[in-house]
Amino acid sequence: MIELTVAEIAEIVGGTLSDIDPVTAAATRVTGTVEFDSRAVTAGGLFLALPGARVDGHDHAAPAIAAGAVAVLAARPVGVPAVIAAPVTGESRSGALEHDRESAGAAVLAALALLAAEVARRLAGRGLRIIGVTGSSGKTSTKDLLAAVLAPLGSVVAPPGSFNNELGHPWTVLRATTDTDFLVLELSARHPGNIAALADIARPDIGVVLNVGTAHLGEFGSRQAIAETKGELAAAVPPGGAVVLNVDDPAVAAMAERAVARVVRVSRSARADADLWASDVVLDELARPRFTLRRADAPPVEVTLAVHGDHQVSNALCAAAVAFECGATGEQLATALAAAGPASARRMQVSTRSDGVTVINDAYNANPDSMAAGLKALAWMARQPDAGTPGGRRAVAVLGEMGELGDDAITEHDRIGRLAVRLDVARLIVVGKGRSMGAMFNGAVMEGSWGSEAVGVDDADTALELLRSELRPGDVVLVKASNAAGLGALAEALVADPDTGFGDGMGEDDRK
């Protein structure tokens, strides 16, 4: 963060000083980072006292100061130097006013947003370029590609993982300093207006909209409502900026009507309306795409990606469009993309053990679109010839629940179970209880899964033991679910397993 005094922070957020006098507050500068985890606090930092479901940050204010923070941003006095955020008035869901856990969190988050907005405004005045990306799927992968392609052009700040909500977004903004050239932000939404609010904190010079799918369908109610909300980013970019739209998605293409900035259209094919497109797409044995990037009045660029899955082509095209907007050459772009492997944990992380088992850890998040993309990548890898696997490679899918689908949960889980069978997945392990997972299993059975090809288990531990007993050399295993399903640890345990023996690779029906 840019250096600010404690007094300046209080003024910016409309807060009051506690346990620090005005003279000292005016002389005390925050020179470190802003943190909401007291264990991450460093010298000169600012600690955010956020109430959580299990832990209240206010209880950790004193340890944060002891660790080097110069002040705390809090909702109430904490016995150490603090800026007390102005209360957010109104009824909370619990029916209490202003002082319960929920309203305390809202007050601190509101103050955080004000602080981030002021920092973004000041840095933008010094030449910082802000890039925002949204979409129902692919945001984090594209954010990582953006960070990679912009790095040759200057200093880049981008969020780790999926820091894309009312906490992670302003927290990322506050990582930027006067030395930062590019700030890459990922914007997510659970309700209409969320993306507009995030864009107000840090107004993007370039906005990227990837797709409109069914993630969070249960909260939005319809795909149209999701499209309206994603389109808030296209509308937020001011004149003089650029809006990059993946026009292969009709709902995204229609957002051009909401843009007041110049529109850059990208596509997987040479559409008449595309400004940048791909041709000659091929995948290698690990489903890493190669293609020719083309744009009008410019030489073609041969691109080889280090990330996995055919769906990454659209993500890379959007990142390329931003890079060109920021002055990258084709050579810089191709070099950066070739080196940009998976950067965020549990997102299409591909590991091949020395025993020949390949594990695809894509267990951080899941929605119907990303689940389908993961299964297609799995099927592609398993189809590739492998001289070391005489019987051929098997595709094994370990799938957990896709959250936040509302009334469509049963239908969408059924559809994924059926898709696994149509893609010739040899072994489907459905992990978890409840109607959604039952629908996935039944969908596979109804689509033609025979014998023990599909199986349902209650939890990740049972799934891991089953895998350990059944895997054989050359198998390709996809582990995917929404984060709450907890399958990421299963994938990591599978990768870390010692190469000591296999099961016989057979299900019960094979042992007749």
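Numbers below:
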read-out: Qualifying position, being touching a helix residue (DSSP H, G or I) at 6+ places or on another chain (Cβ under 8 Å), closer than 15 Å to A321 by Cα, of a type outside the set (D, E) and at pLDDT 95 or above, among V263, V281; value: V263
read-out: Test: A316 is among the aliphatic types (A, V, I, L, M), part of a helix (DSSP H, G or I), modelled with pLDDT of 90 or more and farther than 22 Å from D459 by Cβ; value: yes
read-out: Leading residue by the ranking (nearest to L375 (Cα to Cα)) among those in region 316-327 that are open to solvent by less than 10 Å² (accessible area, probe 1.4 Å) and touching a helix residue (DSSP H, G or I) at 6+ places or on another chain (Cβ under 7 Å); value: A316
read-out: Tally, over region 173-200, of residues that are out of contact with any Gly (no Cβ under 9 Å at 6 or more places or on another chain), crowded, with 23+ Cβ neighbours inside 10 Å and in a helix (DSSP H, G or I); value: 1
read-out: Subset of region 339-358 [buried (at least 17 other Cβ atoms within 10 Å of the Cβ) and within 16 Å of V307 (Cβ to Cβ)]; value: A340, P342, A343, S344, R346, R347, M348, Q349, V350, T358
read-out: Qualifying residue in region 376-384 (condition: open to solvent by less than 40 Å² (accessible area, probe 1.4 Å) and part of a loop (DSSP other than H, G, I, E, B)); value: yes
read-out: Total residues in region 397-428, condition among the aliphatic types (A, V, I, L, M) and either surrounded by fewer than 24 Cβ atoms within 10 Å (Cβ to Cβ) or more than 15 Å from M371 (Cα to Cα) (or both); value: 7
read-out: Spans of strands (runs of 3 or more DSSP E) in region 243-307 with at least 3 residues over 24 Å from the mean Cα position of the chain (by Cα) and exposed (fewer than 15 other Cβ atoms within 10 Å of the Cβ); value: 276-283
read-out: From A110, A69, residue being within 29 Å of A124 (Cβ to Cβ), under 27 Å from the mean Cα position of the chain (by Cα) and of a type outside the set (D, E, K, R); value: A110
read-out: Residue tally, condition farther than 12 Å from V398 by Cβ and either in contact with a helix residue (DSSP H, G or I) (Cβ under 6 Å, 6 or more places away or on another chain) or assigned to a helix (DSSP H, G or I) (or both), over region 438-464; value: 14
read-out: Filter result for A409 (aliphatic (A, V, I, L, M) and within 19 Å of D310 (Cβ to Cβ)); value: no
read-out: Cβ-Cβ under 6 Å pairs, at least 6 apart or on other chains, region 27-46 side more than 14 Å from A66 (Cα to Cα), far side of a type in the set (D, E, K, R); value: R29/E3; T31/E3
read-out: When residues of region 385-396 are limited to those that are touching a strand residue (DSSP E or B) at 6+ places or on another chain (Cβ under 8 Å) and part of a loop (DSSP other than H, G, I, E, B), the one nearest to S482 (Cα to Cα); value: R394
read-out: Unmet requirement for G327, which otherwise passes all of (1) in a loop (DSSP other than H, G, I, E, B); (2) under 17 Å from S141 (Cβ atoms); (3) assigned by the TED database to the domain that holds G241; (4) touching a residue at least 40 places away in the same chain (Cβ under 8 Å); value: (2)
read-out: Failed condition for S38, given (1) within 23 Å of N194 (Cβ to Cβ); (2) crowded, with 19+ Cβ neighbours inside 10 Å; (3) in contact with a Pro (Cβ under 6 Å, 6 or more places away or on another chain); value: (1)
read-out: Pair list, Cβ < 8 Å and 6+ apart or interchain, from region 441-459 residues that are in the same structural domain as A397 (by the TED database) to residues that are aromatic (F, W, Y) and open to solvent by less than 40 Å² (accessible area, probe 1.4 Å); value: none
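Here's the yes/no breakdown for (1) among the charged types (D, E, K, R); (2) in the same structural domain as P159 (by the TED database); (3) over 24 Å from D56 (Cβ atoms):
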| position | (1), (2), (3) |
| --- | --- |
| I9 | no, no, no |
| V13 | no, no, no |
| L17 | no, no, no |
| I20 | no, no, no |
| V23 | no, no, yes |
| T28 | no, no, yes |
| T33 | no, no, no |
| D37 | yes, no, no |
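Results for (1) at pLDDT 95 or above; (2) within 27 Å of A287 (Cα to Cα); (3) surrounded by 15 or more Cβ atoms within 10 Å (Cβ to Cβ); (4) among the β-branched types (V, I, T), shown as yes or no for each residue.
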{"position": "K433", "(1), (2), (3), (4)": "no, no, no, no"}
{"position": "M440", "(1), (2), (3), (4)": "yes, yes, yes, no"}
{"position": "E447", "(1), (2), (3), (4)": "no, yes, yes, no"}
{"position": "G451", "(1), (2), (3), (4)": "no, no, no, no"}
{"position": "E470", "(1), (2), (3), (4)": "no, yes, yes, no"}
{"position": "P473", "(1), (2), (3), (4)": "no, yes, yes, no"}
{"position": "V477", "(1), (2), (3), (4)": "yes, yes, yes, yes"}
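Quick grid of which residues meet (1) of a type outside the set (V, I, T); (2) over 18 Å from L487 (Cα atoms):
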position: C326; (1), (2): yes, yes
position: A334; (1), (2): yes, yes
position: V357; (1), (2): no, no
position: I360; (1), (2): no, no
position: A363; (1), (2): yes, no
position: V398; (1), (2): no, no
position: E401; (1), (2): yes, no
position: E404; (1), (2): yes, no
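The values are calculated or read from the model by the stated rules, or taken from the named source; none is laboratory data. It should be emphasised that the depicted structure is a prediction, and the values quoted were computed from it without experimental measurement. Cβ coordinates were reconstructed from backbone atoms using ideal geometry, including for glycine residues, and neighbour counts include every protein chain displayed. What goes into the accessible areas is simple: the full protein's heavy atoms, side chains included, and nothing from ligands, DNA or RNA. Shrake-Rupley method; radii C 1.70, N 1.55, O 1.52, S 1.80 Å.
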